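Following: one structure in structure tokens, then a few remarks.
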Amino acid sequence: MSLADKQCVPCRGGVPPLEPAKAQELLKQLDRGWQVNKDGHLERLYTFKDFAQALDFVNKVGAVAEAEGHHPDLHLAWGKCKVELWTHKINGLTESDFYLAAKGDRVFEAFRAA
């Protein structure tokens, strides 16, 4: 089962963030472009042909995030969207962050196929 097929699990706090080695292992299962930034968050920049397409992507990823109950920071600009993920309750990464990242990649693939 791919990461994108797994369901996000709500974090209630009180659990430790993923160990760096586990985060790196999961990072290898995502599409190219994802990285762990200086704040320890997952991050990827997606690029598009124009603002309208980037906005459409934000809306589609937002709908997936709402359905999963797991919400990324989405930074929209002309022709691009930066997605930043981490679990706010623990101020670190959980497996659900990687699941949602993979779901975002799936949405992006639909844009590339269109």
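Apart from one condition, Ile90 fits all of (1) outside any loop (DSSP other than H, G, I, E, B); (2) over 20 Å from Ala4 (Cα atoms); (3) among the hydrophobic types (A, V, I, L, M, F, W, C); the exception is (1). Scanning the range 73-104 for residues that are touching a helix residue (DSSP H, G or I) at 6+ places or on another chain (Cβ under 9 Å) and among the polar types (S, T, N, Q) yields Thr87, Ser96. Looking only at residues in the range 1-35 that are of a type in the set (Asp, Glu) and touching a helix residue (DSSP H, G or I) at 6+ places or on another chain (Cβ under 9 Å), the one that is surrounded by the most Cβ atoms within 10 Å (Cβ to Cβ) is Asp31. Scanning for something in contact with a strand residue (DSSP E or B) (Cβ under 8 Å, 6 or more places away or on another chain), within 21 Å of Ala113 (Cβ to Cβ) and either β-branched (Val, Ile, Thr) or not in a loop (DSSP other than H, G, I, E, B) (or both), does the range 23-41 turn up at least one residue? No; the residues of the range 23-41 include none that is in contact with a strand residue (DSSP E or B) (Cβ under 8 Å, 6 or more places away or on another chain), within 21 Å of Ala113 (Cβ to Cβ) and either β-branched (Val, Ile, Thr) or not in a loop (DSSP other than H, G, I, E, B) (or both). Taking the criterion of being exposed (fewer than 12 other Cβ atoms within 10 Å of the Cβ) and over 14 Å from Gly104 (Cα atoms), the residues of the range 49-68 that qualify are Lys49, Asp50, Ala52. In the range 6-35, the residues that are over 19 Å from Lys89 (Cβ atoms) form Cβ pairs under 8 Å with partners that are of a type outside the set (A, V, I, L, M) and assigned to a loop (DSSP other than H, G, I, E, B), at six or more places apart or across chains, as follows: Leu27/Trp34; Gln29/Ser2.
Answer with yes or no whether Tyr46 is surrounded by 20 or more Cβ atoms within 10 Å (Cβ to Cβ), under 9 Å from the mean Cα position of the chain (by Cα) and either part of a helix (DSSP H, G or I) or modelled with pLDDT of 95 or more (or both). So Tyr46 fails the test.
The values are calculated or read from the model by the stated rules, or taken from the named source; none is laboratory data. Treat the numbers as computed from the prediction; the structure is a model and nothing was measured. Cβ atoms come from the backbone with ideal geometry, glycine included; neighbour counts cover every protein chain shown.
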